[in-house]
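Right, one structure below, let's go through it.
The values are calculated or read from the model by the stated rules, or taken from the named source; none is laboratory data. Model, not experiment: these values are computed from the prediction. Glycine also receives a Cβ, built like all others from the backbone with ideal geometry; neighbour counts cover every protein chain displayed. Side chains are part of the model used for accessible areas, which takes the heavy atoms of the whole protein and leaves out ligands, DNA and RNA. Shrake-Rupley method; radii C 1.70, N 1.55, O 1.52, S 1.80 Å.
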Amino acid sequence: MPDMLNLNKKISFFKENGYCIIDLFNKSEFNYLLNKVFAKINSNISAPNKKLKLKNIKNYHKHSAEFEHKKIINSINRYLVLDKKLIKPIMKNILIKEISHFYWGHSNFRVKWVGSLKNPMKDNATGFRIARPSKISKKDVGGEHLDLHYGGTNNTNLKKLFTLWCPLIGMSSKYTLRISPKSHKKKHPLNSLSKQKKFISRVLTKSYVKKLKFIRPNLSPGQVIFFHPNLVHGSSTNLGKQTRVSLDFRIFNTTYTK
């Protein structure tokens, strides 16, 4: 049985702050995920002598050519199909279920991945991201945004999804996701959103973002940041010396997304 006192504290924390930290994957599951991403990266490196070893994935930025990096992070390549071993911890997590039920009135969800506006959603899949140290490249991270616009832009979006952000390489605050606690409570005005339509997420203007406060939590292997679709996050520049590798799990409400 879960610790109900601790569970209720985390639920209350989520309601107040728009996010919480969840111990989601055990050591075996975490290493399995890391190996799957590693294999996917190597499958897109053509030259045999350029392929990475698992222990060197943190030094990806030293070994990958720019043209290979663009291929690896292309939306048609940067996702993983999840098997039962990886889906089960998400589907069975009591905290995810309880928070979903509070906001949706039920806890029926599916894990889906949306690579771009042109690509259909993929069931039981997740996208991975690679962010090289900022001294190497400042183009690997997006600006501050919301996940509110995944799967459409109508008024039901607040009840459509939650996001789980899972680091595989880069656990300290130099690497982790930059989030703005309590920003999920704000009704972000339309004039705070950029007019670009190239990406799924609408980036917020710099003048609007200056009004918000941000943090970057320290995490341990297997921990994830579970957050509300209206929580502002992004511009998570890699301030470390290693390449950051992370996953985005989208938890979609089955009422709105079949």
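Take every Cα pair under 8 Å whose residues are at least 6 apart in sequence, average their separation, divide by the length of segment 1-156, and the relative contact order is 20 percent. Within the chain, DSSP assigns beta bridges of which about 100% are antiparallel (rounded to the nearest 5).
Spacing of the modelled spin labels on Phe102 and Ser173, each 7 Å from Cα toward Cβ, amounts to 2.5 nm. Rolled with a 1.4 Å probe across the full set of protein chains, the surface gives Trp104 an accessible area near 20 Å². With all protein chains kept in place, the per residue accessible area of segment 1-141 amounts to 57 square angstrom at a probe of 1.4 angstrom. Compared with the dominant principal axis of the Cα atoms in the chain, helix 27-43 is inclined by about 50°. Based on DSSP H segments of at least four residues, each scored -39500 (n - 2.57), the chain has a per-residue ellipticity at 222 nm of -7000 deg cm²/dmol.
Can you tell me which of Ala65, Ala125, Ala39 moves the most in a GNM of the chain? Springs connect C-alpha atoms under 10 Å apart. Between Ala65, Ala125, Ala39, it is Ala65 that shows the largest mean-square fluctuation. If a/c stays under 1.5 just call it rounded; otherwise compare a/b with b/c (prolate if a/b is bigger, oblate if not). Do that for segment 1-41, with a ≥ b ≥ c from the square roots of the Cα gyration tensor eigenvalues. Taking the square roots of the gyration eigenvalues as a ≥ b ≥ c, segment 1-41 is oblate. For the cross-link pairs Lys53/Lys213; Lys97/Lys187; Lys135/Lys186; Lys15/Lys58, the ones whose C-alpha atoms lie over 28 Å apart are Lys53/Lys213; Lys135/Lys186; Lys15/Lys58.
A straight line joining the Cα centroids of segment 92-112 and segment 1-78 runs 22 Å. Among the listed pairs Lys27/Lys160; Lys88/Lys182; Lys138/Lys182; Lys92/Lys159, those with a Cα-Cα distance over 22 Å are Lys27/Lys160; Lys88/Lys182; Lys138/Lys182.
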